[in-house]
């Protein structure tokens with residue numbers, strides 16, 4: 001079942017707008033109900049004001065109604081086992097759980113599976129504790 005998520009990320013990567021870095025990236029998210037949302041990186045001349053593939057996928061996910069994210073795949077044309085950047089790790093953590101599977105891919109498929117908890121063990125939870 002995770003191969004279709006890789007395929008969605010790869011298809012998104014093929015649409016990347018990366019004229020400055022020449023580093024296309026694709027990401028795809030699957031929700032608990034089976035929906036897939038994909039995105040690519042989009043650069044602008046005011047580098048680094050563009051956005052990452054994961055951020056684009058999250059935008060589609062939010063506009064599509066959200067839900068619990070159960071799986072994530074990330075692929076880059078020029079780097080095997082690409083991982084989300086720090087900012088995207090936190091963005092993804094907002095809508096997933098520490099057990100959410102994160103598939104690190106190369107151009108042929110999934111090469112490693114980790115969890116969001118392993119990728120961002122001390123991410124912000126959004127819970128603010130009051131001090132006595």
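No value in this document is a laboratory result; all are computed from the given coordinates. Since the structure is predicted, the reported quantities are computational estimates derived from the model, not experimental observations. Counting neighbours? That spans all protein chains shown, and the Cβs are built from the backbone with ideal geometry, glycine included.
Here are the numbers:
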quantity	calculated
In nm, spacing of pseudo-spin labels at residue 49 and residue 122 (7 Å Cα→C-beta vector)	3.3 nm
Calculated FRET efficiency for the pair residue 114/residue 62, C-beta based, R₀ 22 Å, to 0.05	0.40
Residues 71, 49, 94 arranged by fewest to most Cβ contacts within 10 Å	49, 94, 71
In nm, spacing of pseudo-spin labels at residue 4 and residue 17 (7 Å Cα→C-beta vector)	3.0 nm
Helix 53-63 axis, angle to the chain major axis (alpha carbon atoms, nearest 10°)	60 degrees
Exposure proxy order (Cβ contacts within 10 Å, fewest to most) of 22, 101	22, 101
For q = 0.15 Å⁻¹, Debye-computed log10 I/I(0) when each Cα of region 2-119 counts as one equal scatterer	-0.55
Rounded Å value of the spacing that divides the Cα centres of region 76-101 and region 1-17	15 Å
Least to most buried among 15, 68 (fewest other Cβ within 10 Å first)	68, 15
